[in-house]
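S.K.: Pasting a structure below so you can have a look.
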Amino acid sequence: DIFTRTDAVEPKIRSYITETRDLALAQAARVDEKIARGEALAPLAGIPGALKDNICTKGIKTTCASKILANFVPPYDATVVDRLAVQDAVITGKANCDEFAMGGSTENSGFFITRNPWDTERVPGGSSGGSASSVAAGEAIWALGSDTGGSIRQPAAYCGNVGLKPTYGRVSRYGLVAYASSLDQIGPITRDVTDSALVLNAIAGHDAKDSTSVNEAAPDYTKALVNDVKGLKIGLPKEYFAAGIQPEVAEAIDKAVKQLVAMGAEVKEVSLPHTEYALPAYYLIAPAEASSNLARYDGVGFGHRAEGTDIIDMYKKTRSEGFGPEVKRRIMLGTYALSSGYYDAYYLKALQVRTLVKQDFDKAFTEVDVLITPTAPTTAFKIGELSDPLAMYLQDICTIPINLAGLPGISLPCGFAHGLPVGMQIIGKPLAEATIIQAAYAFE
Ligand code: GLN
């Protein structure tokens, strides 16, 4: 069973911050009772999966891989958790990640690193690294991650999984601990496209508890699981195949696109001219929102509290002790970008760039149905290899523009380079999850 497998691999991989075996067994027992009573079961009934540890679970520690929330137990479930419970899905545990989802390797976890099951000297990607490794190592059948700038798609690519970031607003963020609220989305990490559609079915749809939730019913995504790409117009944005992409990664994507063309898809080159400005804009907008969102960790309402001589001293010590270096870096960057006198020069400029990036996509989508790019410029890198934060930020170059534009994107395995999985990203129009699922399914 899944626990035997977890016992065997977890000491080496370390996907989980918290395992919830008792809960899993209780949930599984309820499914057994339903079976005994001859009741119909939902598609995910009894199927074990992991949740990234920034998704709130009632009565179960939710740490965001941060020391500041090391003992935080939420009094409520995130909407996605409620919806999975309705399906009788089984929760195996809370997966490791970069602290507050800030990072691309899970090395920024405040507790420990997670290893890539394909090569344990390498990172699983991030920030949803534990979610991806749990699925790749067979410790979970599905997992949820969150994606602000690539954190579902990039770890899925590095671990050989399918990772889907829905359109902004498609999945409720209620109960997802906020990193950058205008970019965050929850989505599935799975072994294949069919499972991705099943998990998305469970979690997608309007939620009155999230004011940014799209007020439109979600379709049945399993209807998109048809082996047909005839006439599908694929755009290859030339800016995504420029310098910095590992040649083996570009080759694998090229082969995959040829396969889709052989199946009847049409392909053309397109241009997204503002691509080079997306990364700097993201690294202003995301830290700005983060600095505001993380102001709540002050030692008063919840989480870690340090002893202080007065309240200001208590705030300072709590935050100095509780946050790790990357989180502090982002809070400082964001506070600076939002400070009076600099707002127009940095934050406002970044928002304007965001609009230009979005308009590039709008224009491309008048000519094509989907866009295909690498998910990340390289395969999984070695633990400790990208110690320079700027080098780490560059790993997000193919995924970040999609968050800025609020679009859906799926990463799926499309081959290997030096024995490591390569991820291909398929990007769709707003709310066109079904289209990217269909293209991914046909390719798979
Ligand atoms: N690596 C990016 C960052 O550090 C994306 C993280 C994410 O999507 N949560 O911000």
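The values are calculated or read from the model by the stated rules, or taken from the named source; none is laboratory data. In this text, all values refer to a predicted model and were calculated from it rather than measured experimentally. Heads up, the Cβs are rebuilt from the backbone with ideal geometry, glycines too, and the neighbour counts pull from every protein chain shown.
S.K.: What tally of residues in the range 177-196 results from selecting those that are buried (at least 21 other Cβ atoms within 10 Å of the Cβ), charged (D, E, K, R) and under 15 Å from Ala156 (Cα atoms)?
M.R.: 1
S.K.: From the list Lys238, Lys165, pick out the single residue that is surrounded by fewer than 24 Cβ atoms within 10 Å (Cβ to Cβ) and charged (D, E, K, R).
M.R.: Criteria check complete, one pass: Lys238.
S.K.: Among the listed residues Ala156, Ala208, Ala218, identify the single one that is at pLDDT 95 or above, within 16 Å of the ligand (Cβ to nearest atom) and either charged (D, E, K, R) or not in a strand (DSSP E or B) (or both).
M.R.: Checking each option against the conditions leaves just Ala156.
S.K.: Sticking with this structure for a sec: Inspect the range 288-311 for any residue being over 22 Å from Ser66 (Cβ atoms), assigned to a helix (DSSP H, G or I) and within 14 Å of the ligand (Cβ to nearest atom) and give the result as yes or no.
M.R.: No, the range 288-311 contains no residue that is over 22 Å from Ser66 (Cβ atoms), assigned to a helix (DSSP H, G or I) and within 14 Å of the ligand (Cβ to nearest atom).
S.K.: Using beta carbons and a limit of 9 Å, which pairs, at least six apart or on different chains, have the first residue in the range 277-296 and closer than 14 Å to Ala337 by Cα and the second one basic (Lys, Arg) and within 11 Å of the ligand (Cβ to nearest atom)?
M.R.: Tyr283/Arg330; Ala286/Arg330; Pro287/Arg329; Pro287/Arg330; Ala290/Arg330; Ser291/Arg330
S.K.: If I ask for residues that are more than 19 Å from Ser151 (Cβ to Cβ), touching a helix residue (DSSP H, G or I) at 6+ places or on another chain (Cβ under 8 Å) and surrounded by fewer than 22 Cβ atoms within 10 Å (Cβ to Cβ), which ones from the range 282-298 would you list?
M.R.: Matches in the range 282-298: Ser292, Asp298.
S.K.: Could you please give the count of residues in the range 190-221 that are farther than 29 Å from Leu420 by Cα and not basic (Lys, Arg)?
M.R.: 20
S.K.: Tell me, yes or no, whether the range 324-332 has at least one residue that is surrounded by 13 or more Cβ atoms within 10 Å (Cβ to Cβ) and farther than 17 Å from Ile68 by Cβ.
M.R.: no
S.K.: Given the criteria within 16 Å of the ligand (Cβ to nearest atom) and either of a type in the set (Gly, Ala, Ser) or part of a loop (DSSP other than H, G, I, E, B) (or both), does Ser196 qualify?
M.R.: When the stated conditions are applied, Ser196 does not pass them.
S.K.: Residue check, Gly235 against (1) in a strand (DSSP E or B); (2) within 14 Å of the ligand (Cβ to nearest atom), all met but one. Which one?
M.R.: All conditions are met except number (2).
S.K.: Confirm whether Leu225 is more than 27 Å from Tyr346 (Cα to Cα), in contact (Cβ under 8 Å) with a residue 24 or more places away in the chain and surrounded by 18 or more Cβ atoms within 10 Å (Cβ to Cβ).
M.R.: In short, yes.
S.K.: Only one of (1) out of contact with any strand residue (DSSP E or B) (no Cβ under 9 Å at 6 or more places or on another chain); (2) at pLDDT 95 or above; (3) surrounded by fewer than 17 Cβ atoms within 10 Å (Cβ to Cβ); (4) not aliphatic (A, V, I, L, M) fails for Gly244. Which number is that?
M.R.: Gly244 satisfies all of (1) out of contact with any strand residue (DSSP E or B) (no Cβ under 9 Å at 6 or more places or on another chain); (2) at pLDDT 95 or above; (3) surrounded by fewer than 17 Cβ atoms within 10 Å (Cβ to Cβ); (4) not aliphatic (A, V, I, L, M) except (2).
S.K.: Something else now. Looking at Thr92, Thr79, Thr106, Thr63, which one is in contact (Cβ under 8 Å) with a residue 24 or more places away in the chain, within 15 Å of the ligand (Cβ to nearest atom) and of a type in the set (Val, Ile, Thr)?
M.R.: Result: Thr106 is the single residue among Thr92, Thr79, Thr106, Thr63 that is in contact (Cβ under 8 Å) with a residue 24 or more places away in the chain, within 15 Å of the ligand (Cβ to nearest atom) and of a type in the set (Val, Ile, Thr).
S.K.: Looking at (1) closer than 16 Å to Gly163 by Cα; (2) without any contact (Cβ under 8 Å) to a residue 24 or more places away in the chain, which one does Glu444 not meet, given that it meets all the others?
M.R.: (2)
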